[in-house]
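As structure tokens, the structure follows; a few thoughts come after it.
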Amino acid sequence: MSRLGTIGARLYRGEIGYDFVRHRKFWYGVSILITIAAIAGLAIRGLNMGIEFKGGAVFTTPSTKVSVSDAREYAEEASGHPAIVQKLGNDTLRIQVAQLNTDQAAQVKSDLARDLKIDADKIGAELVGPSWGKQIANKAWTGLAIFMVLVVIYLAIAFEWRMAVAALIALIHDLTITVGVYALVGFEVTPGTVIGLLTILGYSLYDTVVVFDGLKEGAKGITKQNRYTYSELANRSLNGTLVRSINTTVVALLPVAGLLFIGGGVLGAGMLNDISLSLFVGLAAGAYSSIFIATPLVADLKERDPQMKALRKRVLAKRAKGETEPDESPADGGSDGTGGDDEPRGTAPGDTAAATAGPSGVVGQRGRGRPSGRRR
């Protein structure tokens, strides 16, 4: 087995791990910096809205030997506005010019026919009104608002309100970063972009809910034991699903990366960039927020609960007195917590031999077949 495969297997079995919750302030800081950069890009550069939102005309030419740069120059001279030119199959061109009315579009079509040395009747022209784009934008915002409300209600009912708040913050975090990247890169925002933005919400929410489900099961009866704080149990659940989250994200990113870098970049199919960039950035941001933002934020909110504060005091007091089992010494970072009455019911998903993160942030595990010892 490769080194990476070995590490993945040990993560899955809970033999090693990373204390995400303990280092949450660092990752909060990273997220804040990224979000500020995204908002700054959005405020300074703004979004490059497509013709569907601004209105204008799209001209499609037959096969021609004219280069993309020359065609762009002809279109900008004829219209007086910036033009976007894309080469399609069979050397045909798609020329997009924003903010043109019917009369202006007819004149631009005539000038293009002359400059490109093509019969005007062979150039297809499609006029797009800005009202249509506004309708799309309004429906997208409406759909987004309804989605957010339903997510909060569902998570509050299925889990608890703290998890609903954490998931909502993670979703807003993902959307902000994705929109900010669009502003910084300057890619055109089209209906395909809107579809991509709405799609990534589901991916982002998936990983978050998987961890929350494991945390909910593992936290049953947590106040009846004195071995783990809520934060430690949250970190345990997160490590139990870490490999699954990484694998799911990588598998989803590979085809999207192919669309973005090969289809849009190498082959020049610019229209693929509309949806592929939003999916690529959104999937990556969603995986990041599920691991480094959502679960640590739940732990932060939960630790403010009086019962969890009391539990933390009991756990720390017990550790200070050294009332631990022999295999819970700092040398191995803790036990698997599979025996005794002090163990919360349930285990993290994928935690076949459950683990917990000790003060060092390393997850320890008791070997199979070892006696659990007698609790003092």
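The values are calculated or read from the model by the stated rules, or taken from the named source; none is laboratory data. Being a predicted model, the structure only gives us computed values, none of them experimental. All Cβ positions, even for glycine, are placed from backbone atoms using ideal geometry, and neighbour counts span all protein chains on display. All accessible areas refer to the heavy atoms of the entire protein, side chains included, with ligands and DNA or RNA removed. Shrake-Rupley method; radii C 1.70, N 1.55, O 1.52, S 1.80 Å.
With the condition kept exactly as written, say whether any residue in the stretch 283-291 is assigned to a helix (DSSP H, G or I), under 14 Å from L215 (Cβ atoms), in contact with an Asp or Glu (Cβ under 9 Å, 6 or more places away or on another chain) and modelled with pLDDT of 85 or more. Scanning the stretch 283-291 turns up at least one residue that is assigned to a helix (DSSP H, G or I), under 14 Å from L215 (Cβ atoms), in contact with an Asp or Glu (Cβ under 9 Å, 6 or more places away or on another chain) and modelled with pLDDT of 85 or more.
Starting from residues that are part of a strand (DSSP E or B) and not β-branched (V, I, T), keep the ones in the stretch 98-132 and report whichever is modelled with the highest pLDDT. Of everything passing the filter in the stretch 98-132, G124 is modelled with the highest pLDDT. Restricted to the stretch 175-192, and to residues there that are among the hydroxyl-bearing types (S, T, Y) and out of contact with any Gly (no Cβ under 8 Å at 6 or more places or on another chain), the residue that is farthest from A156 (Cα to Cα) is Y182.
Out of V209, V149, which single residue is over 12 Å from the mean Cα position of the chain (by Cα) and in contact (Cβ under 8 Å) with a residue 12 or more places away in the chain?
Step by step, each of V209, V149 is checked, and only V209 is over 12 Å from the mean Cα position of the chain (by Cα) and in contact (Cβ under 8 Å) with a residue 12 or more places away in the chain.
Taking the numbered list (1) of a type in the set (S, T, N, Q); (2) over 13 Å from the mean Cα position of the chain (by Cα); (3) closer than 20 Å to F20 by Cα in turn, T190 passes all entries but (3). Helices (runs of 4 or more DSSP H) fully within the stretch 1-97 that include at least 2 residues being at pLDDT 85 or above, touching a strand residue (DSSP E or B) at 6+ places or on another chain (Cβ under 7 Å) and surrounded by 20 or more Cβ atoms within 10 Å (Cβ to Cβ): 68-79. Answer yes if at least one residue in the stretch 196-203 is touching a residue at least 40 places away in the same chain (Cβ under 8 Å) and on the phi > 0 side of the Ramachandran plot, and no otherwise. No - not one qualifying residue is present in the stretch 196-203. Of the helices (runs of 4 or more DSSP H) lying entirely inside the stretch 162-271, the ones with 2 or more residues being open to solvent by less than 10 Å² (accessible area, probe 1.4 Å) and either over 30 Å from A83 (Cβ atoms) or aromatic (F, W, Y) (or both) are found at 191-218, 230-240. If you go through the stretch 85-123 and pick out every residue that is in contact with a Phe, Trp or Tyr (Cβ under 7 Å, 6 or more places away or on another chain) and under 22 Å from E188 (Cα atoms), you end up with 1.
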